[in-house]
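Below: one structure, written as structure tokens.
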Amino acid sequence: MYFSLFNINIPETLKKLHLQKALIKTKITFLFLSVCITVCFAQGPVPADYLTKDFHKGRRDALRKLLPANSVMAIFAYPVRNFSNDVDYKYHPNPDLYYFSGYTEPNSVLLIFKENQKDSASQSYNELFFVQKKDARREQWTGKRLGIEGVKASGFSHAYNA
């Protein structure tokens, strides 16, 4: 069918318009998918702690200056709360413990001493960290734990199993 004034074939023009719209939608979809894939693969591993161990050490040193003579501060991790027999609530770490150590696991305690202490081997320390013992069977259900080695890597020289 021809439109007599402009001599245009209307069905052919509609087909071309439909194909152009489909081509634009395809290009937009391809662009969207390529951006999504790029963002997903470009992120890499997510950091466990956005604050450095030097930041946490600085906070502990600042706390030591505020403590009275011959004193110690104990900071406990929050316990895991049970929802039902085999389901726990999502764990929320103690923000104070995180602020001073960067540690976000349950069943731990951080002791910060004002003055340096000496152990039986005459080694000097001013902080002790007791953490949950690593257990491979339990970790397959609850997730990996840092353990003593992980805590020592984050700047604590004296870490022990609780």
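The values are calculated or read from the model by the stated rules, or taken from the named source; none is laboratory data. As the structure is a prediction and not an experimental result, all values here were calculated from the model. All Cβ positions, glycine included, derive from the backbone under ideal geometry; neighbour counts span all protein chains shown.
Some observations on this one:
- Taking the stretch 106-121 as the range and being in a loop (DSSP other than H, G, I, E, B) and modelled with pLDDT of 90 or more as the test, the residues that pass are Pro106, Asn107, Ser108.
- Residue check for Phe41: aromatic (Phe, Trp, Tyr), assigned to a helix (DSSP H, G or I) and modelled with pLDDT under 65: yes
- Search result, residues across the stretch 128-146 that are assigned to a helix (DSSP H, G or I) and over 17 Å from the mean Cα position of the chain (by Cα): Ala136, Arg137, Arg138, Glu139, Gln140, Trp141
- Checking each residue of the stretch 57-67 against the condition of being assigned by TED's automatic domain parsing to the domain that holds Lys118, outside any helix (DSSP H, G or I), out of contact with any His (no Cβ under 9 Å at 6 or more places or on another chain) and on the phi < 0 side of the Ramachandran plot gives at least one match.
Here is a yes/no grid of residues against (1) surrounded by fewer than 12 Cβ atoms within 10 Å (Cβ to Cβ); (2) in contact (Cβ under 8 Å) with a residue 12 or more places away in the chain; (3) within 19 Å of Asn70 (Cα to Cα):
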{"residue": "Phe83", "(1), (2), (3)": "yes, no, no"}
{"residue": "Lys90", "(1), (2), (3)": "yes, no, no"}
{"residue": "Gly102", "(1), (2), (3)": "no, yes, no"}
{"residue": "Glu105", "(1), (2), (3)": "no, yes, no"}
{"residue": "Ser108", "(1), (2), (3)": "no, yes, no"}
{"residue": "Phe113", "(1), (2), (3)": "no, yes, yes"}
{"residue": "Ser122", "(1), (2), (3)": "yes, no, yes"}
{"residue": "Asn126", "(1), (2), (3)": "no, yes, yes"}
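- Which listed residue, of Leu66, Leu51, is modelled with pLDDT of 75 or more and surrounded by 11 or more Cβ atoms within 10 Å (Cβ to Cβ): Leu51
- Applying the condition of being among the polar types (S, T, N, Q) and surrounded by 12 or more Cβ atoms within 10 Å (Cβ to Cβ) to the stretch 138-158 and asking which residue is modelled with the highest pLDDT yields Ser157.
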